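Input: a single structure, listed below in structure tokens.
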Amino acid sequence: MRVGILISGRGSNMLALADAVREGRAPGAQVALVLSDKPQAAGLERASERGIETAVVERRGLTREGHEGEVVRRLRASGVELVCLAGYMRLLSPCFLDEFRGRVLNIHPSLLPAFPGLDAQRQAVEHGVRFSGCTVHFVDETLDGGPIITQRVVHVSDSDTPDTLAARILREEHAAYPEALALVCSGRYEVLGRRVVRS
Ligand code: GRF
């Protein structure tokens, strides 16, 4: 399974996926391309250092459809079959999702369906929840709303700030995303409505 990873920033989840693939923790997966919409994304250099092919497709001057079309074209040129969003800060339209139906994964730093959207860790602290965590899910047309593949729980303490909570959740993200990738590459699951059932 040739995997394309879309990033916009630091790329720590991208590295966690790449490391897992290299160490054989996601059998059958191969990182074919790391693509960013931002040329300054730190993750690009970190991917190149590991010998992974990278690409930049900037939004500037393009319509949303034009930009997505270009991203799809670049992913296809690298033979990508499965797309992992890893801190990619753009919503994908149905056109993109049609190209990779059921083959787009995302990671979100909360226990969905709680706290979708931006600043999930701040939302969790401000809401006063005692537990938060991360979710890896299939992407559909809704915001952070597709079928859930895996979740990991993190305790929220009284002294937590959005930043301390984010750091603790991030450690769990780095374990959860490779685990979800391994499951998807194994093909040992079925999506029944909203539920991802292991088979
Ligand atoms: C992570 O917290 C991820 O859950 C969210 O964006 C952040 C990306 O971090 N979608 P990184 O670029 O993978 O380090």
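The values are calculated or read from the model by the stated rules, or taken from the named source; none is laboratory data. Everything quoted here is computed from the prediction, not taken from an experiment. Note that we place each Cβ from the backbone using ideal geometry, even for glycine, and neighbour counts take in every protein chain shown. Note: areas computed on protein heavy atoms with side chains; ligands, DNA, RNA excluded. Shrake-Rupley method; radii C 1.70, N 1.55, O 1.52, S 1.80 Å.
Being out of contact with any strand residue (DSSP E or B) (no Cβ under 7 Å at 6 or more places or on another chain) and at pLDDT 95 or above is a property that holds for residue 99.
Residues of the stretch 87-103 that are open to solvent by 10 Å² or more (accessible area, probe 1.4 Å), within 15 Å of the chain's Cα centre (by Cα) and either closer than 22 Å to residue 183 by Cβ or in the same structural domain as residue 143 (by TED's automatic domain parsing) (or both): 87, 88, 92, 102, 103.
Taking the listed residues 125, 153, the one that is in contact (Cβ under 8 Å) with a residue 12 or more places away in the chain, surrounded by 14 or more Cβ atoms within 10 Å (Cβ to Cβ) and in the same structural domain as residue 193 (by TED's automatic domain parsing) is 125, with no other qualifying.
Looking across the stretch 85-141, the residues that are closer than 15 Å to residue 162 by Cβ and among the charged types (D, E, K, R) come down to 119, 122, 126. For the stretch 130-147, the condition holds for at least one residue, the condition being that it is open to solvent by less than 30 Å² (accessible area, probe 1.4 Å), farther than 28 Å from residue 56 by Cα and within 15 Å of the ligand (Cβ to nearest atom).
Among the residues in the stretch 156-176, are any farther than 21 Å from residue 13 by Cα, touching a strand residue (DSSP E or B) at 6+ places or on another chain (Cβ under 8 Å) and not assigned by TED's automatic domain parsing to the domain that holds residue 83? Can you show your working first?
Let us first name the residues in the stretch 156-176 that are farther than 21 Å from residue 13 by Cα, namely 156-161.
Subsequent filtering for residues that are touching a strand residue (DSSP E or B) at 6+ places or on another chain (Cβ under 8 Å) retains 156.
With the extra rule that they be not assigned by TED's automatic domain parsing to the domain that holds residue 83, the set shrinks to 156.
Scanning the stretch 156-176, I find at least one residue that is farther than 21 Å from residue 13 by Cα, touching a strand residue (DSSP E or B) at 6+ places or on another chain (Cβ under 8 Å) and not assigned by TED's automatic domain parsing to the domain that holds residue 83, so the answer is yes.
So, restricting to strands (runs of 3 or more DSSP E) that lie completely within the stretch 144-199, which ones have at least 3 residues that are closer than 30 Å to residue 93 by Cβ and not basic (Lys, Arg)? Let's see the steps before the verdict.
Numbers: elements: 148-155, 189-192, 195-198.
The qualifying strands (runs of 3 or more DSSP E) are 148-155, 189-192.
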